[in-house]
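Worksheet: one structure, shown below.
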Amino acid sequence: MSERRVRIHIDHPLPKTRRCELLEMAPYYQPKPPSQRDLVLMRLIDEIHLQWPFYGSRRISDELADRGHTVNRKHAQRLMRLRALYPRQRTSQPGRVHTIYPYLLRGLTIDRPNQVWATDLCYIPMAKGFMYLVAIMDWYSRRVLAWRVSNTMDTAFCIDALEEAIRRHGAPEMFNTDQGAQFTSEAFTGALKAHGIKISMDGKGRWVDNMFVERLWRSVKYEDVYSRAYETPALLRAGLGRYFTFYNTRRRHSGLGRRTPDAVYFDQVNRELVA
């Protein structure tokens, strides 16, 4: 098709990028990648969030200023949204709103593997740019059962991780997520329901409801990602593969009686199989 300008109707349900692909033309607007300064600020915001996850944009702006980076609150808010720091909205679609499920873990005694799994997304800074990481964790043993990285926060790579975890370990009794668009989507909740899994969701803005996954992100970033500054997605995937193997098989947890996640997860499973 010869190069020409065509008006793409903004109210059509098909995404504009897909419409442009079908017309074999480039969209009018090509989003600019973050500047190098913004990437530095996003990395600092990430560190601040890991240390004080309850900080809002005002306190983060103040903390950035203390570190020598003067950033007004609106700019800080934009960067926080870009790296998905804010508790994500309930994600509406035209004419409907995704279902939000109640939080089922309050007061629940979790005493065996595969009783409760949990997941979340996190931002992974790289030498140039960033990626997103999703991990599926067994709540009882803290074992990472499956993970994926992506350059967009879509639902597909989250479902891929979920399906791999179920394929390798069987379905859990209950699954806990936050209220992010990826996890409230019908595609993700439908995958859980198809396996007969009860769905639990954190209260809006309550990061503490999923504290073990939040601690995992801190470990991944401070023990691996920040010190390595991966150059490419391929190097990132290889590095995370090595780290999660170490995390499951070698890294001892004080909360697990100085045992590793593998020791707790498989020891309990083996006793149940023997019984």
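Every number here is computed from the coordinates shown, using simple stated rules; none is lab data. Every value quoted in this text rests on a predicted model; they were computed, and no experiment measured them. Please note: Cβ atoms are built from the backbone with ideal geometry, for glycine as well, and neighbour counts cover all protein chains shown.
For a modelled paramagnetic label at Leu105, 7 Å from Cα along Cα-to-Cβ, the residues of the stretch 172-202 in reach, with backbone nitrogen under 15 Å, are 172-180, 198-202.
Note on Arg112/Tyr222: beta-carbon distance plugged into 1/(1 + (r/R0)^6) with R0 of 35 Å gives a FRET efficiency of 0.70. Modelled spin-label separation between Arg18 and Ser35, with each label point placed 7 Å from Cα along the Cα-to-Cβ direction: 3.5 nm.
Over the stretch 98-274, the alpha carbon radius of gyration divided by the compact-protein estimate 2.2 N^0.38 Å works out to 1.00.
Length gained on full extension, Arg251 to Arg59: 65.8 nm, using 0.36 nm per residue less the C-alpha separation. Protection proxy ranking, highest mean first, for peptides 219-229, 42-52, 102-112, 135-145: 135-145, 42-52, 219-229, 102-112, where packing is the per-residue count of other beta-carbon atoms within 10 Å, averaged.
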